[in-house]
Amino acid sequence: MTAALQDSPPAGTAPPVRSRRVSRTVVSGGERVSRGWMVAATAVVAVASLYFLAPVLWLVIASTKSASDLFSTPGFALADWHLWENVRDLSTYDGGIFWRWALNSVVYSVVGSVLTTLLCAATGYALAVYRFRGRALLIGIVLGSLLVPGTVLAQPTYVLLVNLGLNNTYWGLLLPGLSYPFGVLLAWIFAQNAIPTELLEAARLDGSGEFRTFAGIGLRLMSSGLVTILLFAFLGSWNNYLLPLLVLTDAELMPLTVGLTGWNQASITIPSLQILTVVGSLVSVVPIAIVFLALQRFWRAGLSAGSVRG
């Protein structure tokens, strides 16, 4: 016992210096590894950001130039400021057809993405909550449909719309967009993790119907995941080009993608359309940026909720 008392350090004394050195060495080594990975990740993100933002920067600079400066000056070099004049010419060309195209794109994207999100939410909720015969086969069909490119289905969809008399109409673009297997897959995965079975059973015991349970509980618990589906559906509809090109022949019904592509092709014979196409492309990016900024806080809320869920 005396030897044990002699070996133990007196009360109030600091631990041995050797232990502090070992701990400091391990921590500093870990800090060096973390800092190296942080620098590498930052470099990769910086290069990727430059790759994606360089075309947008060129678009902004080019929109401020005149038609002559667009080809006589370097791409990223500033010239005389003509942005407001270009926007005015864009608004008055061909009776202001550009803003009609913009309105059509808003209608197709907003209405279509909302309807698509609701349908995906209902389908994913049903696949996650209910157990029925053929459920696994249905999920397999949804997964398999992701392998089919949209360009392969464009021509059959066009023939079907012509037979239904929906070509050259708003519904001719809205209805095909409701089929969104990727959104169904996301809704199914999120519903499995976000909706507890006990809560649904408690709602049914209280006399809540299935539709009321889905609308009052399912949609609220899936809201952060549905925002992601809404964004993807909006972007897909806003950038849709092939199907509108096949279905629509009336210039009054065309979206921005088809209209601006037509201007770009016509600029070979009408040089003034070159700068109008560039400015119109810049204006078409603004709604996408607004949607991203408006939905950013919902993404953060969804990520935080998923990180603390048990």
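When you look at Tyr180, is it of a type in the set (Phe, Trp, Tyr), assigned by TED's automatic domain parsing to the domain that holds Ala154 and surrounded by 19 or more Cβ atoms within 10 Å (Cβ to Cβ), yes or no? For Tyr180, the condition - of a type in the set (Phe, Trp, Tyr), assigned by TED's automatic domain parsing to the domain that holds Ala154 and surrounded by 19 or more Cβ atoms within 10 Å (Cβ to Cβ) - is met. Scanning region 191-208 for residues that are in a helix (DSSP H, G or I), under 26 Å from Leu295 (Cβ atoms) and either open to solvent by less than 50 Å² (accessible area, probe 1.4 Å) or among the aromatic types (Phe, Trp, Tyr) (or both) gives Ala191, Ala194.
Tell me, please, whether a residue that is surrounded by 20 or more Cβ atoms within 10 Å (Cβ to Cβ) and among the aromatic types (Phe, Trp, Tyr) can be found in region 234-241.
Taking region 234-241 first, the residues surrounded by 20 or more Cβ atoms within 10 Å (Cβ to Cβ) are 234, 237-238, 240.
Remaining after also requiring among the aromatic types (Phe, Trp, Tyr): 234, 238.
Checked region 234-241: at least one residue is surrounded by 20 or more Cβ atoms within 10 Å (Cβ to Cβ) and among the aromatic types (Phe, Trp, Tyr).
Filtering Thr257, Thr249, Thr261, Thr269 for residues that are touching a residue at least 12 places away in the same chain (Cβ under 8 Å) and part of a loop (DSSP other than H, G, I, E, B) leaves a single hit, Thr249. Residue check: is Phe211 in contact with a helix residue (DSSP H, G or I) (Cβ under 8 Å, 6 or more places away or on another chain), assigned by TED's automatic domain parsing to the domain that holds Val114, open to solvent by 20 Å² or more (accessible area, probe 1.4 Å) and assigned to a helix (DSSP H, G or I)? No; evaluated as a whole, the condition is false for this residue. Restricting attention to region 274-296, and to residues there that are open to solvent by less than 30 Å² (accessible area, probe 1.4 Å) and modelled with pLDDT of 90 or more, which single residue is farthest from Ala102 (Cα to Cα)? Across region 274-296, the extreme among qualifying residues is Ile275.
When region 68-94 is examined, which residues are found to be of a type in the set (Gly, Ala, Ser) and modelled with pLDDT under 90? Let's see the steps before the verdict.
First pass over region 68-94, keeping only residues of a type in the set (Gly, Ala, Ser): 68, 72, 75, 77, 79, 91.
Ser68, Ser72, Gly75, Ala77, Ala79, listed by residue number.
Take Leu143 and tell me if it is open to solvent by 70 Å² or more (accessible area, probe 1.4 Å), assigned by TED's automatic domain parsing to the domain that holds Ala194 and at pLDDT 90 or above. It is false that Leu143 is open to solvent by 70 Å² or more (accessible area, probe 1.4 Å), assigned by TED's automatic domain parsing to the domain that holds Ala194 and at pLDDT 90 or above.
Within region 82-108, restricting attention to residues that are closer than 22 Å to Ala289 by Cα and of a type in the set (Phe, Trp, Tyr), the residue that is surrounded by the fewest Cβ atoms within 10 Å (Cβ to Cβ) is Trp84.
The values are calculated or read from the model by the stated rules, or taken from the named source; none is laboratory data. Since this is a predicted model, take the numbers as computed values, not measurements. Quick reminder, even Gly has a Cβ in these numbers, built from the backbone with ideal geometry, and neighbours come from all protein chains shown. These area figures cover heavy atoms from the full protein model, side chains too; ligands, DNA and RNA do not enter into them. Shrake-Rupley method; radii C 1.70, N 1.55, O 1.52, S 1.80 Å.
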